[in-house]
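The values are calculated or read from the model by the stated rules, or taken from the named source; none is laboratory data. Quick caveat, the model's predicted, so the values are computed rather than measured. Neighbour counts are summed over all protein chains in view; Cβ atoms, including those assigned to glycine, are modelled from backbone coordinates with ideal geometry. Heads up: the accessible areas ignore ligands, DNA and RNA and are worked out on the full protein's heavy atoms, side chains in. Shrake-Rupley method; radii C 1.70, N 1.55, O 1.52, S 1.80 Å.
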Amino acid sequence: MKKLFTNQVDLSKVNTLVYHLPNGPTFSVEMNDLDGFIDFDMGFGDICDTSDIDGVLHFFPKGNA
């Protein structure tokens with residue numbers, strides 16, 4: 001089966017990943033060479049990519065999006 005819509009994230013522009021936890025808290029992670037460990041194609045949440053503007057990628061896990 002082939003995906004019709006893919007969400008490709010260019011992590012080369014991302015400096016900080018902000019992870020939005022349920023009920024409001026967030027934490028951020030600096031992306032120093034972590035791009036090999038992160039796979040956003042799993043589809044377990046939504047992504048707001050503002051890396052072109054400020055270098056930040058926001059991740060909202062499923063149930064908190």
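Scan segment 25-48 for residues that are under 15 Å from F59 (Cβ atoms), modelled with pLDDT under 85 and either among the aromatic types (F, W, Y) or loosely packed, with under 13 Cβ neighbours inside 10 Å (or both) and jot them down.
L34, F37, D39, F40, D41, M42, G43, F44, listed by residue number.
Within segment 1-16, which residues are at pLDDT below 90 and open to solvent by less than 60 Å² (accessible area, probe 1.4 Å)?
V9, L11, V14
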